[in-house]
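Report on the following structure.
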Protein chains: 2
Amino acid sequence: MSSFDRPGDVFLADCPARLAVEVIADKWAVVTVYALGRGPRRHGELKALIGGISSKMLTQTLRRLQHHGLIQRHAFAEVPPRVEYSLTALGETLLEPVTMLSRWAEANADAVLEAQDRMGIS
Amino acid sequence: MSSFDRPGDVFLADCPARLAVEVIADKWAVVTVYALGRGPRRHGELKALIGGISSKMLTQTLRRLQHHGLIQRHAFAEVPPRVEYSLTALGETLLEPVTMLSRWAEANADAVLEAQDRMGIS
DNA sequence: CGGCATCCTAAACGATACTG
DNA sequence: CAGTATCGTTTAGGATGCCG
């Protein structure tokens, strides 16, 4: 089914792709996947790395990503406890488009900012 | 500044790219940009095309995208009134990563669904 | 037809405190 | 350290109705 360049609908209407959109249309989910792109990270590391996210949101995001099969949780039976998160094979595939997005963001952040104060602020 | 492959931070912390993330980390914004990818569309057309979105949300999303410089609004002085929306040059550049995302979604939607009922539902 | 205004409900999110 | 639980505030978002 490669109908994604015809006037039909992909990611529009109720196709299964729409569900996957819900995965990535989440600020923290995207950054988290991106942050895990360079290897396994612990809860605290992610929190520091991402910046601005609360423990609660991070855990919630991690659970959701795990639930979607994008990341793995690995808890070590140690004292003090250590828990590491890493991308699954599926999660790795998401890394590509997300990286493209980050490149876009990097390249066009100033253009967006410029557009913003050309319009809105008044 | 192409530091996006070093352990530093892109899209992490408070870099300008983070702002651009806010643009795309919006369910309706992404689909709307995608829907406008094939050419100018009217409010009603978009509403029907996207499916599941309310008039209010659509207008709100369009305003936000316009405010970010991604789309243009063109109102014709006719009766009954006609308003068309189209991507700006900046908006067109976003189309690429968004299309990649849609391809990913298409390709991996079932994998996500599978992961979901392998875990969560119990 | 496009879209703003209003109301109202549900969900997101942050802060804090507490457990293994 | 990792995580849960609870609370309170903010925001998202649907429904309806009115105006250009």
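The values are calculated or read from the model by the stated rules, or taken from the named source; none is laboratory data. Not measured: the values here are computed from a predicted model. Please note: Cβ atoms are built from the backbone with ideal geometry, for glycine as well, and neighbour counts cover all protein chains shown.
A few comments on the model shown:
Residue by residue, here is whether (1) of a type in the set (A, V, I, L, M, F, W, C); (2) within 23 Å of A:Ala111 (Cα to Cα); (3) more than 16 Å from DNA strand D (Cβ to nearest atom) holds:
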{"position": "B:Thr32", "(1), (2), (3)": "no, yes, no"}
{"position": "B:Lys47", "(1), (2), (3)": "no, no, no"}
{"position": "B:Gly51", "(1), (2), (3)": "no, no, no"}
{"position": "B:Met57", "(1), (2), (3)": "yes, no, no"}
{"position": "B:Ala75", "(1), (2), (3)": "yes, no, no"}
{"position": "B:Pro81", "(1), (2), (3)": "no, no, no"}
{"position": "B:Leu87", "(1), (2), (3)": "yes, yes, yes"}
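- Exactly one residue out of A:Phe76, A:Phe11 is modelled with pLDDT of 90 or more, among the aromatic types (Phe, Trp, Tyr) and more than 16 Å from the chain's Cα centre (by Cα): that is A:Phe76.
- Failed condition for B:Lys47, given (1) in contact (Cβ under 8 Å) with a residue 12 or more places away in the chain; (2) crowded, with 16+ Cβ neighbours inside 10 Å: (1)
- If the condition is being of a type in the set (Val, Ile, Thr), within 11 Å of DNA strand C (Cβ to nearest atom) and touching a helix residue (DSSP H, G or I) at 6+ places or on another chain (Cβ under 9 Å), then region B:62-100 contributes only B:Val83.
- B:His68, sole failed condition from (1) within 12 Å of DNA strand D (Cβ to nearest atom); (2) within 14 Å of A:Asn108 (Cβ to Cβ); (3) of a type outside the set (A, V, I, L, M, F, W, C): (1)
- Restricting attention to region A:46-81, the residues being more than 19 Å from A:Ala25 (Cα to Cα) and touching a Phe, Trp or Tyr at 6+ places or on another chain (Cβ under 8 Å) number 4.
- Test: A:Arg38 is more than 9 Å from DNA strand D (Cβ to nearest atom), under 20 Å from B:Ala105 (Cα atoms) and among the charged types (D, E, K, R): no
- Exactly one residue among B:Leu101, B:Leu58, B:Leu90, B:Leu70 is more than 10 Å from every other protein chain (Cβ to nearest Cβ), surrounded by 13 or more Cβ atoms within 10 Å (Cβ to Cβ) and under 19 Å from B:Glu22 (Cα atoms), and that residue is B:Leu58.
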